[in-house]
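Written out below as structure tokens is the structure these notes cover.
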Amino acid sequence: MISFLAKLRDVRLIRYGFASVGALAVDVGVFLAMLAASVAAAPASAFGYTFGIIAHWLLSSRKVFQDKVAHGGKARTWQKTLFVISALLGLGLTTAIVGGADYAGFDPRLAKLVAIVASFTLTYVLRSKVVFQHGKD
């Protein structure tokens with residue numbers, strides 16, 4: 001059982017899943033804290049999402065793709081830029097799925113579940129194949 005758990009720890013997709021859950025917790029936590037502080041919903045959501053992206057970068061670059069993070073300089077800046085672009089593409093996909101489903105008369109909560117899976121898949125593929133495609137420079 002212990003060796004099975006050790007093998008699971010080494011599976012990048014599972015680690016990415018945990019990083020995603022952690023980033024989502026940061027996103028929602030910041031969002032709810034700002035709502036409790038009487039900040040309007042849209043800016044609270046934007047701040048939450050921004051902090052979620054930062055948390056995801058920290059978790060992904062240290063615990064998921066640690067063997068493929070650029071050391072620094074232009075390569076590291078470019079990697080961070082690509083990471084943010086992948087996050088924005090995930091946001092766009094989520095918005096399109098939920099908005100399209102709502103417009104078509106489907107329950108937006110169910111659409112959000114579909115969007116989470118689709119966005120998770122898109123960002124994982126982009127990050128594993130584009131953002132973190134090369135080893136350390």
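The values are calculated or read from the model by the stated rules, or taken from the named source; none is laboratory data. Just so we're clear, the structure is a prediction, and the values are computed from it rather than from any experiment. A quick note on method: Cβ atoms are made from the backbone with ideal geometry, for glycine too, and the neighbour counts reach across all protein chains shown.
Pull out all pairs, ordered by first then second residue, where Cβ-Cβ is under 8 Å, the residues are six or more apart or on different chains, the first lies in the stretch 92-118 and is more than 16 Å from residue 49 (Cβ to Cβ) and modelled with pLDDT under 95, and the second is in a helix (DSSP H, G or I) and of a type in the set (Asp, Glu).
108/102; 111/102
What are the pairs with Cβ atoms under 6 angstrom where one residue, in the stretch 68-84, is closer than 20 Å to residue 129 by Cβ and the other, located anywhere, is assigned to a loop (DSSP other than H, G, I, E, B) and of a type outside the set (Ser, Thr, Tyr)? Sequence gap at least six, or different chains.
Here the result reads 68/132; 68/135; 70/137; 75/137; 76/70; 79/70, each pair linking the stretch 68-84 to a residue that is assigned to a loop (DSSP other than H, G, I, E, B) and of a type outside the set (Ser, Thr, Tyr).
Please go through the stretch 4-24 and give me each residue that is within 18 Å of residue 84 (Cα to Cα) and free of Cβ contacts under 8 Å to residues at least 12 places away in the same chain, ordered by number.
Scanning the stretch 4-24 gives a single hit, 21.
Take the residues in the stretch 1-49 that are in a loop (DSSP other than H, G, I, E, B) and small (Gly, Ala, Ser), then tell me which one is modelled with the lowest pLDDT.
Among them, the one singled out is 40.
Looking only at residues in the stretch 1-27 that are loosely packed, with under 13 Cβ neighbours inside 10 Å and among the β-branched types (Val, Ile, Thr), which one is nearest to residue 123 (Cα to Cα)?
Per the criteria, the residue is 21.
Please specify each residue of the stretch 81-126 satisfying the condition of being in a helix (DSSP H, G or I), over 22 Å from residue 46 (Cβ atoms) and not hydroxyl-bearing (Ser, Thr, Tyr).
101, 110, 113, 114, 117, 125
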